[in-house]
1. Go through region 201-226 and give me each residue that's closer than 30 Å to THR136 by Cβ and open to solvent by 50 Å² or more (accessible area, probe 1.4 Å).
2. Would you mention how many residues in region 40-84 are closer than 30 Å to GLU203 by Cα and in contact (Cβ under 8 Å) with a residue 12 or more places away in the chain?
3. Output the residues belonging to region 137-160 that are closer than 15 Å to ALA195 by Cβ, free of Cβ contacts under 8 Å to residues at least 60 places away in the same chain and open to solvent by less than 30 Å² (accessible area, probe 1.4 Å).
4. Could you grab me the full set of residues in region 227-238 that are open to solvent by less than 50 Å² (accessible area, probe 1.4 Å) and outside any helix (DSSP H, G or I)?
5. Among the residues of region 127-136, what is the count of those that are over 17 Å from LYS199 (Cβ atoms) and either open to solvent by less than 40 Å² (accessible area, probe 1.4 Å) or touching a Pro at 6+ places or on another chain (Cβ under 8 Å) (or both)?
6. Out of LEU26, LEU41, LEU17, which single residue is at pLDDT 95 or above and either out of contact with any Gly (no Cβ under 7 Å at 6 or more places or on another chain) or surrounded by fewer than 17 Cβ atoms within 10 Å (Cβ to Cβ) (or both)?
Amino acid sequence: MRQALCPEAMGVQLTVLYPQCTKQLLSERFGRGSRTVDLELELQIELLRDTKRKYESILQLGRALTAHLYSLLQTQHALGDAFADLSQKSPELQEEFGYNAETQKLLCKNGETLLGAVNFFVSSINTLVTKTMEDTLMTVKQYEAARLEYDAYRTDLEELSLGPRDAGTLGRLESAQATFQTHREKYEKLRGDVAIKLKFLEENKIKVMHKQLLLFHNAVSAYFAGNQQQLEQTLQQFNIKLRPPGSEKPSWLEEQ
């Protein structure tokens, strides 16, 4: 940990800005003040923010894929019904319409299985991004606010220490020292909390994504290979249950 000049203060959100904090924030933004920098921790925080942006992009694309798959299923279902109807009304083409109807029926079944797997993937990514990562970033915001307060009262104490010493100044200096100590303890506690949360988040992210990427790969590969058995085994492997036909529960798309 060291002191460094900051050309631009980090985006710190505070419920209340005390005069010292306002002065410190403006001083940092205009490059005149110094701020406490934990390079390793701040690099990890920036990496988390960048990772969250990239995962949000995956989440958006995953939801788009879910919507496209759902639309494709509706079209295939309607097409299968049309073929089945024509197979009954066109004796000369009954066989041809019949096997096309069966093909669409099979595609629908496999598509519903794939949709269930993709929806599970999207749901897990959503939890990781909007809950797990966001919870850590909330602690980061508290840490950044505490860092600003710590530096503000540190600067205040340093200025008083350099000033003239008299009875009144010594009283203010003692009060400033106590206030600074309180904010230093708060800052150091939150710095430790952030480090711990970042460590656990990384471990959890690897565990979750290992499972979800394996699921996504196996399901998509089986679907496009036309391997119905492998597709169903993939859902069983990850304990994914599909909505039974005719159920009034929301569709996979609606649950998103």
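The values are calculated or read from the model by the stated rules, or taken from the named source; none is laboratory data. These figures come from a predicted structure and were not determined experimentally. FYI the Cβ positions are ideal-geometry reconstructions off the backbone, even for glycines, and counts take in every protein chain you see. Heads up: the accessible areas ignore ligands, DNA and RNA and are worked out on the full protein's heavy atoms, side chains in. Shrake-Rupley method; radii C 1.70, N 1.55, O 1.52, S 1.80 Å.
1. GLU202, GLU203, ASN204, ILE206, LYS207, HIS210, LYS211, LEU213, LEU214, PHE216, HIS217
2. Count: 15.
3. Answer for region 137-160, where residues must be closer than 15 Å to ALA195 by Cβ, free of Cβ contacts under 8 Å to residues at least 60 places away in the same chain and open to solvent by less than 30 Å² (accessible area, probe 1.4 Å): THR139, TYR143, ALA146.
4. Answer for region 227-238, where residues must be open to solvent by less than 50 Å² (accessible area, probe 1.4 Å) and outside any helix (DSSP H, G or I): just PHE238.
5. 1
6. LEU41
Residue by residue, here is whether (1) open to solvent by 40 Å² or more (accessible area, probe 1.4 Å); (2) over 27 Å from SER221 (Cα atoms) holds:
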| site | (1), (2) |
| --- | --- |
| LEU65 | yes, no |
| HIS68 | yes, no |
| LEU93 | yes, yes |
| LYS105 | yes, no |
| LEU115 | no, no |
